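The block underneath contains the structure these notes are about, expressed in structure tokens.
Every number in this text was worked out from the coordinates using simple rules, so none of it is lab data. Everything quoted here is computed from the prediction, not taken from an experiment. Here Cβ is always computed from backbone atoms with ideal geometry, including for glycine, and neighbour counts include all displayed protein chains.
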Amino acid sequence: MVLTGRPPPSPNVFVMRPRPLVTLLAVALALAGCGGHRVLLTRQAPATLSREPGGYEAAVVVRVIDGDTVEVRITDRMDGPGAGSAGLNGIYSVRLIGIDTPESVKPGSPVECFGKEASAATTALLEGERVRLVKDVEETDAYGRLLRYVYLEAEMANARLVINGYAHAYTYPPSVRHSALFLSLQRQARADASGLWSPETCAGEP
């Protein structure tokens, strides 16, 4: 288990953090979801950091807004095509590329099925963590959020959410570098009836 210096989790949160993915050890994250439903993040996505172009922004996740949007503080950068234009020490909202989670905080919209669970899972996975942010084609979306692949070690958090059934694959050109991977992981999650694909939860519907 990797010690992060964070406060110990509450009694209903059990976290085993990713090891460096040289060994690709399985990770289990478990927490109590809304309505007493048990939410699990047990399947690890493939290590894809080596497939990225050079360059990234280093950041700390300071807050999770919902299942596919987090707030980060930029701490460093490595120049290259994967590094965006975010300034050092700035606080930015980041939209995870290539995925879409059920709505949980959108003004004027109801909370969708598995919205709270997806947000809780992203919180357990990313809040307080040091991550690498990698840009695809677009720098920001229409709301001014950075568009990034978010990495814990060599594993992409975006992909971890899809394979465990907390997010749909969401192909939105031109930032589609990993769209085939996301669709493949979604097929696995659906075949296993994981998360929002389970007939006991949403059966894939909002």
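Please compute the contact order of the stretch 112-206 in relative form: average sequence separation of alpha-carbon pairs under 8 Å and at least six residues apart, divided by the residue count, as a percent.
Once divided by the residue count of the stretch 112-206, the mean separation gives 27 percent.
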Quiz item: How much net charge surrounds Met78 when only the other residues with a Cβ under 15 Å from the Cβ of Met78 are counted, with Lys and Arg +1 and Asp and Glu -1?
Solution: +1
Quiz item: At what distance in angstrom do the alpha carbon centres of the stretch 41-87 and the stretch 134-206 lie from each other?
Solution: 14
Self-check item: Fully extended contour minus Cα-Cα distance, from Val60 to Val176, at 0.36 nm per residue
Solution: 39.3 nm
Self-check item: DSSP beta bridge pairing in the stretch 78-182, given as percent antiparallel to the nearest 5
Solution: 75
Quiz item: If eta is 1.002 mPa s and T is 20 °C, what Stokes-Einstein diffusion coefficient results for the stretch 48-197, Kirkwood Rh from Cα pairs, in µm²/s?
Solution: 141
